[in-house]
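In what follows, a single structure is set out as structure tokens and then discussed.
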Amino acid sequence: MDYILELDQVSKRFPKDGFVLDRVSFSLPYGAVMGLVGQNGAGKTTAIGCILNTSSRDGGTIRLFGQEMGDQDTAIREKIGVVYDGDNFPGYLTAAQLSEIMGGLYQAWDPVLFQKYLQDFHLPAGQKIETYSRGMTMKLALFAALSHHPKLLILDEPTGGLDPVMRDEILDVFLDFVQEEDHSILLSSHITSDLEKIADYITFIHEGNVLLTASKNDLAYHYAVMRCKESQFDALDRGDIIAYRKRDFQIDVLVSDGKEAEKKYRDAVLDHASLDEIMLLLVKGERV
């Protein structure tokens with residue numbers, strides 16, 4: 001399989017607050033969407049900073065389009081579109097002025113495409129960005145990222161704080177983008193319902209560590225939560241337990257193959273595991 005983005009043992013330390021991005025590894029194939037999932041402060045933005053070279057890393061390697069990107073590799077940067085959570089552009093600019101500026105930054109900037117996005121999504125070109133709603137500013141940032149024809153989109157919480165209708169509109173734009181086989185998206189988000197709709201792969205990150213990377217189909221069709229009494233839990237093969245969490249009168253156990261667990265432990269109750277429940281057990285649960 002060919003990968004558009006590869007992180008191998010990437011580390012970054014922040015001595016002042018003690019946070020460590022600890023040997024993070026994952027790979028994003030061409031033509032796919034990967035959701036980078038975790039709580040606020042888990043390390044998602046730090047990982048993105050390392051990918052984009054806006055934050056220097058202490059160890060590990062990162063390959064984009066098969067090669068490492070240095071500060072002078074403008075050809076690689078041309079192929080990456082980036083959207084951050086928050087203010088992406090100065091509020092005193094208009095969208096029309098932004099288009100002129102972007103044309104000076106990107107050789108492949110397409111003002112006709114940008115204008116089409118503005119018209120299709122009813123963003124006024126002559127209005128100052130500071131007067132836009134949050135949803136409008138996020139759409140503008142996305143359309144600016146798309147209008148220089150990138151191959152890879154890197155999105156840091158792009159749908160946070162948006163209403164469901166607007167989130168759905170933006171997710172549809174993402175899905176259109178990855179219809180091209182050489183396009184991919186790395187989408188950092190804590191909104192698991194968004195990722196259940198569009199992601200092909202999920203990487204769970206917590207306190208700077210990757211807890212799990214898997215395809216969404218694998219998570220949806222194979223992972224399960226076993227509801228156990230304490231006596232049942234004590235009898236489990238420890239190799240079958242990914243994480244567990246004790247509740248009042250039962251123990252919830254995350255397993256990677258629900259069908260096999262059902263055959264092996266016939267008295268146990270198994271339920272489908274949503275992304276939310278998987279994340280909860282990985283973050284709040286214990287390991288054996």
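Taking the stated definitions as given, is Gly49 out of contact with any Ser or Thr (no Cβ under 8 Å at 6 or more places or on another chain), closer than 30 Å to Lys128 by Cβ, assigned by TED's automatic domain parsing to the domain that holds Leu153 and not aliphatic (A, V, I, L, M)? Answer is no for this residue.
I'd like to verify a number: residues in the stretch 148-176 that are touching a Pro at 6+ places or on another chain (Cβ under 9 Å) and more than 23 Å from Gly38 (Cα to Cα), how many? Adding up the residues that qualify gives 0.
Among the residues making up the stretch 138-161, those that are assigned to a loop (DSSP other than H, G, I, E, B) and touching a strand residue (DSSP E or B) at 6+ places or on another chain (Cβ under 9 Å) are Ser147, His148, His149, Pro150, Lys151, Glu157, Pro158, Thr159, Gly160. Sub-7 Å Cβ pairs linking a first residue in the stretch 101-128 that is surrounded by 13 or more Cβ atoms within 10 Å (Cβ to Cβ) to a second residue that is assigned to a helix (DSSP H, G or I) and of a type in the set (D, E, K, R), at least 6 apart or interchain, are Tyr106/Glu78; Phe121/Lys139; Leu123/Lys139, ordered by first then second residue. Looking only at residues in the stretch 3-46 that are at pLDDT below 95 and either among the aromatic types (Phe, Trp, Tyr) or not assigned by TED's automatic domain parsing to the domain that holds Thr213 (or both), the one that is surrounded by the fewest Cβ atoms within 10 Å (Cβ to Cβ) is Phe14.
Sub-6 Å Cβ pairs linking a first residue in the stretch 158-183 that is more than 12 Å from Met138 (Cα to Cα) to a second residue that is assigned to a loop (DSSP other than H, G, I, E, B) and of a type in the set (Ser, Thr, Tyr), at least 6 apart or interchain, are Asp182/Tyr30, ordered by first then second residue. Of Tyr223, Tyr244, all but one fail to be touching a strand residue (DSSP E or B) at 6+ places or on another chain (Cβ under 8 Å), more than 27 Å from Ile198 (Cα to Cα) and in contact (Cβ under 8 Å) with a residue 12 or more places away in the chain; the exception is Tyr244.
Residues in the stretch 106-132 that are outside any helix (DSSP H, G or I) and not basic (Lys, Arg): 13 in all. The residues of the stretch 236-260 that are under 12 Å from His222 (Cβ atoms) and in contact with a helix residue (DSSP H, G or I) (Cβ under 6 Å, 6 or more places away or on another chain), listed by number, are Leu254, Val255.
The values are calculated or read from the model by the stated rules, or taken from the named source; none is laboratory data. Keep in mind that this is a model prediction, so the values were computed, not measured. Using ideal geometry, Cβ is built from the backbone for each residue, glycine included, and neighbour counts are taken over all protein chains shown.
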